[in-house]
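Since every read-out is calculated from the coordinates, none of them should be taken as a lab result. Please read these numbers as outputs of a predicted model, since none were measured by experiment. Here Cβ is always computed from backbone atoms with ideal geometry, including for glycine, and neighbour counts include all displayed protein chains.
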Amino acid sequence: ARGGSLAGRRFLVTAGPTVEPLDPVRFLSNHSSGKQGYAIAEALAFRGADVALVSGPTALAAPSGVRRIQVSTAREMLAACEAELPVDVAVCTAAVSDWRAKVQATGKIKKTSEGPPTLELIENPDILAALCRHAQRPKLVVGFAAETDDVLVNAKAKRIRKGCDWLVANDVRQGVFGADRNTVTLIDGTEAVNWPEMDKRSVANLLVDRIEEFLIAH
Ligand code: C5P
């Protein structure tokens with residue numbers, strides 16, 4: 001067995017965007033770089049944990065010691081996550097597309113004289129919420145929330161709505177997407193702690209410190 005303070009512990013980390021096809025050439029997605037989630041997976045593996053990183057398409061290489069499972073759609077991400085259970089801890093950093101096309105066209109959608117097509121969308125599964133209410137719920141589930149307004153109020157409500165234990169809120173007005181630095185607030189059942197701006201690796205290391213403390217206490 002590998003050494004390290006998290007040896008023998010199993011983790012699931014989601015990261016990156018999801019990509020939802022509209023037709024064979026077009027898709028719905030977002031600007032998530034995956035950097036924060038990959039940094040967390042790397043920090044966990046460095047401490048000897050068994051880490052499954054379920055990732056949407058990103059430009060990043062799999063961190064060393066991490067088992068990466070690559071997916072594209074939200075439904076694939078959910079299935080890949082459920083296949084990894086049971087785990088001790090799940091950390092959901094993925095920017096999952098809230099919606100997908102109701103019907104995926106089998107051929108390229110054509111420009112016609114009738115004007116632009118109407119896109120009918122349907123809701124995607126909420127992976128974080130699904131993990132929280134799963135029969136094999138991890139002991140600790142950590143969500144992330146990118147907010148642009150009323151960060152604290154919205155993030156506290158989101159923690160409760162999703163059913164996760166901790167929520168890491170970040171204010172994305174400062175354009176955190178693809179950046180190397182992040183400013184976050186860690187919200188648990190009792191308090192909200194503002195962390196100073198730091199690089200995403202430092203956010204990852206401090207979060208993993210907190211997770212270790214939790215696992216020792218529980
Ligand atoms: O509701 P919102 O998308 O802001 O919630 C963000 C949190 O929920 C993140 O942890 C994200 O990974 C997770 N999430 C998810 N599946 C979704 C939507 C969000 O796991 N469909």
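Data overview
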| item | result |
| --- | --- |
| Cross-link table Lys108/Lys158; Lys139/Lys200; Lys156/Lys200; Lys35/Lys110; Lys102/Lys158, entries beyond 29 Å C-alpha to C-alpha | Lys108/Lys158; Lys35/Lys110 |
| Relative packing of 66-73, 107-114, which averages over residues the other C-beta atoms within 10 Å, highest first | 66-73, 107-114 |
| Cα-based shape type of the chain, given that a ≥ b ≥ c are square roots of the gyration tensor eigenvalues and the cut on a/c is 1.5 | prolate |
| Extended-chain gain in nm, criterion 0.36 nm per residue less alpha-carbon gap, Lys139 and Arg26 | 36.8 nm |
| Value of relative contact order over the chain, rounded to a whole percent, pairs C-alpha under 8 Å and six or more apart | 20 |
| Cα gyration tensor category, rounded, prolate or oblate, for region 70-199 with a/c compared to 1.5 | oblate |
| Length released on extending from Ile122 to Asp180, taking residue separation times 0.36 nm less the Cα-Cα span | 17.6 nm |
| Expected 222 nm ellipticity per residue - DSSP helices of 4 or more, -39500 (n - 2.57), all of the chain, to 500 | -8500 deg cm²/dmol |
